[in-house]
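Chemist: I'd like to ask you about the structure that follows.
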Amino acid sequence: MIEWVESRNNLMVPMQNGVLLCSSIDPVAEAKKWVEKYIADINEYEVIFILGLAGGFHIKQLAQAIPDTEIIVIESLKPLEKELLSRRGPLQDNVTILAGYSINELKQNVYFRAGVKSIYRILKYPTSCRLNSDYYENVERLLCGHDYESLQFHLDGRQHLKSLFDEINLKKECSDTENITILDVEKSIRKKNKELSRDAMIFMTLRELVR
Amino acid sequence: MKILIMSLQRIGDIVMTTPTIDGLRKKYPKAKIHLLINEQFKHIIPLIENVDNAYFFPYKLIQTSLGEKDRSFFESYDLVDDLVRSLSAEGYDQIINLTHTRLSGWLAALISSPMKSGLVLNHQGIASFGSKWFEYLNRFGSRNKDEAFHFIDIFFYGAGLRGQRRIRLKETEKGINEANKLTLGITPYIVIQPLTSDVKKNWGFDNWKKAMQHINSVDKSRSFLLLGAPSEEIQLKKLSELLRLDKITHKVVICDFEAAFSILSDADLLITGDTSIKHIASATNTPILEISIGSSSYLRTGSYSSKALILQAKESCAPCNHSESCSFEQKCSMRISPDGVALAAQAMLEKNESNLRMLANEYSDDIDFIRVQFSKDGDWVSYSLSEGFSKSSIIKWIDRSSQRFLYNTDNNVEVQEYGSEGMNLSDTLSKIFPDRDKYNWLEMYKEIEMDCESFQGELETVLTELRVAIKNYGSDESLEPLMKRLNKLLENKKYSEEFSTHLRVLNDLINETFKNNSEFYVMKKAREVITESLKRVQVEIKIVRSLKNQTLEGV
């Protein structure tokens, strides 16, 4: 159930089941603070996935700060997107909102699929993620790809890497398939003990950077 | 012509690549020269000349991405993949990897180019080097205590360059302006860089304070500038507080490398530990007093300036390994006394070389006073001001000369080339031992020639025995007697003293290779090592004969 209340500086902010999704004092200042926290670290990325639409203030601030970067917002509540857009109009051109999608639907979504093929960063909006923690944990898990199942989803979009991963058979070689690391990949590549492909050599490079 | 130079370590290492960059520019005036460095050090780029484009390896970003769970599994892969694609698209004619790490070896392998030198790993993970110099770096680069060539010279020769070389940086407008603001009204001054990137190389604030007190008590005309990076400001202010109590005129100067270079250019003296600042100062005319303690290995990375004096702590464990923590309460740091540093600084400010030699003898139990010079052919040469005129010390120089000679020439060596090598060496030796007359040298060369011939004979005998053993291997005959023979050679006191660099390679081979390999493999490797040693000692004999003949002519 989404309700809207007016903030102290006369902006409409959403509430989910009586809980405010953003500041009722100054949501813009709060959004700016949230952006400041990340802005120095996100220049290298082609796509930013934001988990949680909330009042949209943080999306607007971030989209302004990085106008050339694609932003994909994932929101658990379908009505929130509708209501927000009807109250405020469309967000910036570099923003795509995927609201109310199940994990399986996200896996099929063309924007989501294109996004995960790029160099991306995941940013969480804390209030949204706290209120709908199960949903966002699953989305994050899928985006991170550290478990075997999510990794397979990523490999579907990276055919050149899929053949390498099929060959090294991580499911068999890895002791913890819920938390696969670069070290597991490197170990499995070494076990195969054959001429390394370009992709395999990139993983060998990465291994040197693991602390 | 398009060349990529890879330098994927720290600021000091990047500065140490500049003589190679300049050398390449001189050799190929129209070439496009690109540089690949770690992103966190990109602020050094404005100081570097002759680079047409710089690429940055996102080292920290990748490392963070690999270490945090909320990052995509393929983020680090994509970052490397992207960079490698961009670099490959440049179509480099040559890649020179001046970084000696496996990470850089893999990267060098991944970037397309028909010609690569420096460490490159192939599809089986096997290393190739493309130059004997980089092979040498691989063999000795990480061992701190061996006699070695300076990294700058190894890079330069490894890139196929010859001739004079120096660190050169360009002053920027921004640097000059900032330096002027920071040093307004404070001239003349001595720059102090008390902090290093490694706690083992830090001399300690108490020592710094005492040394500055001592300098200040004799010469009040100069102020001190405590130089540091923004991350060091809080610590430097603590030292500043100590100095304030003693009424020592000073200022804490926090700035970037551009301003630091301009500040150093106008300083009367820099006193520093093993820092990137000493490399930057090597591009100025400012004298450098370097305090070498902990893992600081001056033989490889000492100040590359003929105006430098290095104070090396005489502690048996120094220099230690970079990654190991100290188990001896930093005894090396205690060896270097504040008054020793202060007196050396004064002698440097007064340009009093004889005072320095006197101090070197006075402090010789604890400190090696190392002078830096450049040989006629451009090599960095360092020697102790208290070095004794001994056979093993002269052989060390001849050995070094033969090594360089062998690596830089093919097998068709003309006799006169040994002559010019001898002349260059003679010039260097006369600087190290200025008070020796021609008769001293003649006597010395005669003895060395005999020792080299004897060592050559010994190596020839061992080599013949090895060849026979390898040829006959497969019968029931054990290789044990041969192993004993090799050990006997290693245990020969005379040889191990005078030809230590030769025998150390053999010693390492036996100790390290024997653990994991068959006797037969070790013997084959030993044959390779001894063949190479034999070649070297043959060159040594020719060089010493050239030295002897030149001295005879003089007599």
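Chemist: Dividing the Cα convex hull volume of region B:320-451 by residue count, how many Å³ per residue is that?
Modeler: Details: hull volume 22.5 nm³, N = 132.
Taking the convex hull of the Cα positions in region B:320-451, it is 170 Å³ per residue.
Chemist: Follow-up. Translational diffusion coefficient, Stokes-Einstein: compute it for region A:167-211 using the Kirkwood radius over C-alpha pairs as Rh, at 20 °C and 1.002 mPa s, and state it as an integer in µm² s⁻¹. Let's see the in-between values first.
Modeler: On the way: Rh = 10.8 Å.
For these conditions, the coefficient is 199 µm²/s.
Chemist: Which whole number gives the average count of other chain Cβ atoms within 10 Å of the Cβ atoms across peptide B:121-127?
Modeler: 4
Chemist: Which value, in debye to the nearest 20, gives the size of the charge dipole of region B:254-315 about its Cα centre, when Lys and Arg are +1 and Asp and Glu are -1 at the Cβ? Please report the intermediate quantities before stating the final value.
Modeler: Details: 4 positive and 7 negative charges, 57 e Å.
Its charge dipole is roughly 280 debye.
Chemist: Once Rh for region B:163-255 is found with the Kirkwood sum over Cα pairs, what is the Stokes-Einstein diffusion coefficient at 20 °C and 1.002 mPa s, in µm²/s? Display every interim value, and only then the final one.
Modeler: Numbers: Rh = 14.7 Å.
The diffusion coefficient I find is 146 µm²/s.
Chemist: Using DSSP to define loop residues, name the trypsin sites (Lys or Arg not before Pro) in region B:290-399 whose beta-carbon has at most 10 other beta-carbon atoms within 10 Å. Walk me through the numbers before you get to the answer.
Modeler: Details: sites: B:Arg300, B:Lys307, B:Lys314, B:Lys331, B:Arg335, B:Lys351, B:Arg357, B:Arg371, B:Lys376, B:Lys391, B:Lys396; in loops: B:Lys307, B:Lys314, B:Lys351, B:Lys376.
Those satisfying the criteria are B:Lys351.
Chemist: Calculated FRET efficiency, A:Val210 and A:Asp156, Cβ-Cβ r, R0 25 Å, to nearest 0.05? If you can, show how the numbers build up before the last one.
Modeler: Details: r = 26 Å, r/R0 = 1.03.
So the FRET efficiency works out to roughly 0.45.
Chemist: Could you tell me how many cubic angstrom of Cα convex hull volume region B:117-215 has per residue?
Modeler: Spelled out: Cα convex hull of region B:117-215, divided by residues, is 225 Å³.
Chemist: Within 10 Å of each Cβ in peptide A:119-126, how many partner chain Cβ atoms are there on average? Round it to a whole number, please. Display every interim value, and only then the final one.
Modeler: On the way: counts 11, 5, 5, 4, 1, 1, 0, 0.
For peptide A:119-126, the averaged partner shielding equals 3.
Chemist: Here's another thing I want to ask about it. Under 16 Å Cα to Cα from B:Lys251, which aspartates and glutamates show up? Leave out anything in the same chain fewer than 8 places away.
Modeler: Within the straight-line cut-off, B:Lys251 pairs with B:Glu178, B:Glu232, B:Glu233, B:Glu241, B:Asp266, B:Asp268.
Chemist: Scaled to the compact-protein estimate 2.2 N^0.38 Å, what is the alpha-carbon radius of gyration of region A:29-140, rounded to two decimal places?
Modeler: 0.98
Chemist: What's the average, rounded to a whole number, of partner chain beta-carbon atoms within 10 Å of each residue's beta-carbon in B:76-89? The partial results should precede the final answer.
Modeler: Values: counts 8, 10, 8, 5, 6, 6, 4, 0, 4, 0, 0, 0, 0, 0.
If you average over the peptide's residues, the count of other-chain Cβ atoms is 4.
Chemist: Any idea what the alpha-carbon Rg over 2.2 N^0.38 Å comes to for chain B? Don't jump to the answer; show the numbers that get you there.
Modeler: On the way: Rg = 25.2 Å, N = 555, 2.2 N^0.38 = 24.3 Å.
Scaled against compact globular proteins, the figure is 1.04.
Chemist: By the gyration tensor of its Cα atoms, with a ≥ b ≥ c the square roots of the eigenvalues, what is the shape of region B:188-345: rounded for a/c under 1.5, prolate for a/b over b/c, or oblate? Walk me through the numbers on the way to the answer.
Modeler: Details: a/c = 1.45, a/b = 1.26, b/c = 1.15.
Note, shape of region B:188-345 comes out rounded.
Chemist: Using only the alpha carbons, work out the radius of gyration and Dmax of the protein assembly as shown in angstrom.
Modeler: Reported Rg and Dmax, both Å: 31.6, 106.
Chemist: Per DSSP H run of n ≥ 4, the term is -39500 (n - 2.57); total these for the protein assembly as shown, divide by its residue number, and report the mean residue ellipticity at 222 nm rounded to 500 deg cm²/dmol.
Modeler: Values: 35 runs with 391 residues, N = 766.
Counting only the DSSP helices, I get -15500 deg cm²/dmol.
Chemist: Here is a follow-up. What aspartates and glutamates sit close enough to B:Lys525 to cross-link, taking a C-alpha to C-alpha distance under 15 Å and skipping anything fewer than 8 places away on the same chain?
Modeler: Here the aspartates and glutamates satisfying the reach criterion relative to B:Lys525 are B:Glu465, B:Asp508, B:Glu512.
Chemist: Let me know the shape class of chain A, please: from the alpha-carbon gyration tensor, a ≥ b ≥ c as square roots of the eigenvalues, rounded when a/c is under 1.5, otherwise prolate if a/b is greater than b/c, or oblate. Could you put the intermediate results ahead of the total?
Modeler: Numbers: a/c = 2.60, a/b = 2.23, b/c = 1.17.
In terms of gyration-tensor shape, prolate.
Chemist: With 23 Å as the cut-off, how large is the P(r) tail for region B:1-104, expressed as percent of Cα-Cα pairs? Walk me through the intermediate numbers first.
Modeler: Numbers: 1542 of 5356 pairs.
The calculated P(r) of region B:1-104 puts 29 percent of pairs beyond 23 Å.
Chemist: Charges at C-beta only: +1 for Lys and Arg, -1 for Asp and Glu. How large is the resulting dipole of chain B about its Cα centre, in Debye rounded to 20? The partial results should precede the final answer.
Modeler: Numbers: 71 positive and 75 negative charges, 115 e Å.
With only Lys, Arg, Asp and Glu charged at Cβ, the dipole is about 560 debye.
Chemist: If you add up the charges near B:Asp256, with Lys and Arg at +1 and Asp and Glu at -1, over every other residue whose beta carbon is less than 11 angstrom from its beta carbon, what do you get?
Modeler: Values: positive: B:Lys174; negative: B:Glu178, B:Glu258.
Taking every Cβ under 11 Å from that of B:Asp256, the sum is -1.
Chemist: Once the Cβ-Cβ distance between B:Glu350 and B:Lys247 is put in as r, and R0 is 41 Å, what FRET efficiency do you end up with, to the nearest 0.05?
Modeler: Values: r = 24 Å, r/R0 = 0.58.
Using R0 = 41 Å, I get an efficiency of 0.95.
Chemist: Just tell me which lysines come within less than 17 Å, Cα to Cα, of A:Lys124; anything on the same chain fewer than 8 places away is out.
Modeler: A:Lys32, A:Lys33, A:Lys37, A:Lys60, B:Lys69
Chemist: Looking at B:Gln164, B:Asn321, B:Thr501, which one has the Cα that reaches farthest to the positive end of the dipole of chain B (charges on Cβ: Lys, Arg +1; Asp, Glu -1)?
Modeler: Selected residue: B:Gln164.
Chemist: Could you tell me whether region A:131-211 comes out rounded, prolate or oblate from its Cα gyration tensor? Rule is a ≥ b ≥ c as square roots of the eigenvalues, rounded for a/c under 1.5, then prolate if a/b exceeds b/c, otherwise oblate.
Modeler: On the way: a/c = 2.14, a/b = 1.87, b/c = 1.14.
Cα axes put region A:131-211 in the prolate bin.
Chemist: So which of B:Lys116/B:Lys431; B:Lys60/B:Lys200; A:Lys172/B:Lys60 end up more than 27 Å apart, counting from Cα to Cα? Mind showing how you got there, number by number?
Modeler: Numbers: B:Lys116/B:Lys431 38 Å; B:Lys60/B:Lys200 24 Å; A:Lys172/B:Lys60 32 Å.
Over 27 Å apart, Cα to Cα: B:Lys116/B:Lys431; A:Lys172/B:Lys60.
Chemist: Okay, next question. For region B:58-109, what is the Kirkwood hydrodynamic radius in Å, using each pair of distinct C-alpha atoms? Before the final figure, lay out each step's value.
Modeler: On the way: mean 1/r = 0.0809 Å⁻¹.
When all Cα pairs of region B:58-109 are included, the Kirkwood radius is 12.4 Å.
Chemist: Dipole magnitude of region B:23-81 about its Cα centre, charges +1 at Lys/Arg Cβ and -1 at Asp/Glu Cβ only, in debye to the nearest 20? It would help to have the intermediate numbers written out before the result.
Modeler: Values: 9 positive and 8 negative charges, 108 e Å.
Dipole of region B:23-81, to the nearest 20 debye: 520 debye.
Chemist: Another question, then. What trypsin sites (Lys or Arg not before Pro) in region A:60-143 are in a loop by DSSP, with at most 15 other Cβ atoms within 10 Å of the Cβ? Don't jump to the answer; show the numbers that get you there.
Modeler: Numbers: sites: A:Lys60, A:Lys82, A:Arg87, A:Arg88, A:Lys107, A:Arg113, A:Lys117, A:Arg121, A:Lys124, A:Arg130, A:Arg141; in loops: A:Lys117.
Of the trypsin sites (Lys or Arg not before Pro), the ones in loops of region A:60-143 whose Cβ has at most 15 other Cβ atoms within 10 Å are A:Lys117.
Bear in mind these aren't lab numbers, they're just calculated from the coordinates by the rules spelled out. Predicted model, so just to flag it, every value in this text is computed and none were measured. As a convention, Cβ positions derive from the backbone with ideal geometry for all residues, glycine included, and neighbour counts pool all protein chains shown.
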